[in-house]
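Peer 1: Structure provided below as structure tokens; questions to follow.
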Amino acid sequence: MPHPVPGTAPALEYGGARNRANSKKADMAPNVTRILVPTDFSDTADAALAYAKTLAGQLNASLHLIHVFVDPYAVAPFGVETPMEPELRKRTLEDARACLLKRLDAQEEQRFRGTRAIVTGLTAKQIATYAVDHTIDLIVIGTHGRRGVAHLLLGSVAGHVVRIAPCPVLTVRNTRSAASKRTQPTTATTRVA
């Protein structure tokens, strides 16, 4: 079966404490009506968003796009961390709002009954919290597909979301960028945690 969006490979993953406590059948919502797409504005996140838009259209589901803003600290002389300057923080948040609007414009917001939001905190935790607070049925998130040392060093937000999410998580790898690094085509997999 072809994927709705060329150049993407989805993997539906069941994770989180709630999901492990229930049977797989009980976890699958009979009707997905609210889809959450976290974005860091990367090509991989954009591939997940494209996939989610197609899915939302097919399921007549609403689409909710969020960006988790991690408050950065500036390193001052002598290695002291200080909070970001208020004006720089304001500009950074304005840029993030503009990037969200670029990815889910007013026309698409209306078409998908969608929302755009910026939340602050630890990325995976905020995604899971948002999903609970907004009764999300499915999270569609991009994954870079890192393995080995790169995965250990960089971690995986998508993997962490799969483990703590209150609902099913569909991971989407941008196979167009991955194809340039591999000779073998990427296939979809289903993982049950």
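Peer 1: Subtracting the Cα-Cα distance from 0.36 nm times the residue separation, let me have the gained length for Asp105 to Ser42 in nm, one decimal.
Peer 2: On the way: separation 63, 0.36 × 63 = 22.68 nm, distance 1.73 nm.
The span from Asp105 to Ser42 would gain 21.0 nm if fully extended.
Peer 1: Just to be sure I understand the model, the point goes 7 Å from the Cα along the line to the Cβ. What's the resulting Glu94 to Arg113 distance in nm?
Peer 2: Distance between the two pseudo-spin positions: 3.4 nm.
Peer 1: Let me ask another. Set the Förster radius R0 to 30 Å, insert the Cβ-Cβ distance between Thr54 and Glu85 as r into 1/(1 + (r/R0)^6), and round the FRET efficiency to 0.05.
Peer 2: It comes to 0.15.
Peer 1: Express in Å², to the nearest 10, the accessible area of Ile136 obtained by rolling a 1.4 Å probe over the protein heavy atoms while all chains stay in place.
Peer 2: Here the residue's solvent-accessible area equals roughly 10 Å².
The values are calculated or read from the model by the stated rules, or taken from the named source; none is laboratory data. It should be emphasised that the depicted structure is a prediction, and the values quoted were computed from it without experimental measurement. Neighbour counts are summed over all protein chains in view; Cβ atoms, including those assigned to glycine, are modelled from backbone coordinates with ideal geometry. Accessible surface areas use protein heavy atoms only, side chains included; no ligands, DNA or RNA. Shrake-Rupley method; radii C 1.70, N 1.55, O 1.52, S 1.80 Å.
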